[in-house]
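Have a look at the structure below, then the notes.
The values are calculated or read from the model by the stated rules, or taken from the named source; none is laboratory data. As the structure is a computational prediction, the values presented were derived from the model and not from experiment. Reconstructed Cβ throughout: ideal geometry from the backbone, glycine too, with neighbour counts over all protein chains shown. Quick note on the areas: whole protein, heavy atoms, side chains included, nothing else; ligands and nucleic acids left out. Shrake-Rupley method; radii C 1.70, N 1.55, O 1.52, S 1.80 Å.
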Amino acid sequence: MNEPLKTIRETKPLIHHITNWVTIYDCANMTRAFGALPVMAHAPEECADMTKISSALVLNIGTLTSEIIDSMLFSATAANEKNIPVVLDAVGVGATKFRDEMAAKILASVHIDIIKGNYSEIAKLAGENAETKGVEATSINADPAKVAKAFAKSGPYIVVMTGKEDIISDGNRTFIVKNGHELMGSIVGTGCMAASIIGLFAAVNRDYCDAARDALCYFGVAGELAAAKSNGPGSFKVHLYDEVFNLSDEKVRSRETVEER
């Protein structure tokens, strides 16, 4: 029986983040609430060494600088050498030329196992007509599931598009995760947290498509449970951590809503 959360809590994988300064604290806490161990080593002098002792690497370009991009490339190269999964969260792609160029540089320089973004970020990377307002998604002029599938085949990557419904594709299988709640979009950082969660699920499941699907199911179920107890964004964030901490594989299986296309 598939019990990824039990495995995470028993093995406590170390998840190395080179991530967004706005949400770094939330990503660390969410990783810990799931039962894994977070580490955030950004310095180019040590980041590759930290990656080598980790179980997954999560890259987030939300607050990128040229030095951070260098660190990401050093760490991803080390991860590739040791067959450690690499997650790239393409935050804000489509908003500025620099951001677009740096995302393209990462994809051209190292192997990314899972690339995640909202609908417009992924559409932009895939060459579709899309706009990003800061780091927020706008509409795209294409079927997002088809975009994810085609982009995954071109990679090859596992492609994750997050939104009202989350889409995960490896180019052959495509999953639509319908768990979650609108309050998850009322606080800053849930997208970044999702990337961290994908990383820790990938650390214990080498089928990265299944790992990403499970990660978003578990996070979505926690969001639903937290929303039921909340009066607004402040209380929701507190309850979200608590619901993640109190999740079980059995609880999620009874509530998960996933469609395969």
Note to self: Which count do you get for residues in the range 199-215 that are in contact with a strand residue (DSSP E or B) (Cβ under 8 Å, 6 or more places away or on another chain) and open to solvent by 10 Å² or more (accessible area, probe 1.4 Å)?
What the structure shows: 3
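Assess whether Glu128 counts as being modelled with pLDDT under 95, among the acidic types (Asp, Glu), buried (at least 17 other Cβ atoms within 10 Å of the Cβ) and assigned to a helix (DSSP H, G or I). Break it down into steps so the answer makes sense when it comes.
Details: modelled with pLDDT under 95: yes; among the acidic types (Asp, Glu): yes; buried (at least 17 other Cβ atoms within 10 Å of the Cβ): yes; assigned to a helix (DSSP H, G or I): no.
No.
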Notebook entry, point to check: Does any residue in the range 85-101 that is over 30 Å from Val204 (Cα atoms) come within less than 7 Å, Cβ to Cβ, of a residue that is polar (S, T, N, Q) and open to solvent by less than 10 Å² (accessible area, probe 1.4 Å) six or more places away or on a different chain, and which pairs are these?
Noted result: Gly94/Ser120
Item checked: Every pair of residues 6+ apart whose Cβ atoms lie under 7 Å, when the first sits in the range 227-256 and is without any contact (Cβ under 8 Å) to a residue 24 or more places away in the chain while the second is open to solvent by 80 Å² or more (accessible area, probe 1.4 Å) -> His239/Lys229
Notebook entry, point to check: With respect to Ser230, is the statement that it is under 23 Å from Leu107 (Cβ atoms) and small (Gly, Ala, Ser) true?
Noted result: no
Note to self: Can you report the number of residues in the range 27-69 which are under 21 Å from Asp242 (Cβ atoms), under 13 Å from the mean Cα position of the chain (by Cα) and not aliphatic (A, V, I, L, M)?
What the structure shows: 2
Check: Which of the residues belonging to the range 5-15 are touching an Asp or Glu at 6+ places or on another chain (Cβ under 8 Å) and open to solvent by 10 Å² or more (accessible area, probe 1.4 Å)?
Finding: Lys6
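Could you check, for the range 163-181, whether at least one of its residues is open to solvent by 50 Å² or more (accessible area, probe 1.4 Å), of a type in the set (A, V, I, L, M), out of contact with any His (no Cβ under 6 Å at 6 or more places or on another chain) and at pLDDT 95 or above? Write out each step before concluding.
Of the range 163-181, the ones open to solvent by 50 Å² or more (accessible area, probe 1.4 Å) are 164-165, 172-173, 178, 181.
Next, from what is left, pick out any that are of a type in the set (A, V, I, L, M): none.
Within the range 163-181 (the criterion being open to solvent by 50 Å² or more (accessible area, probe 1.4 Å), of a type in the set (A, V, I, L, M), out of contact with any His (no Cβ under 6 Å at 6 or more places or on another chain) and at pLDDT 95 or above), the answer is no, since none of the residues qualifies.
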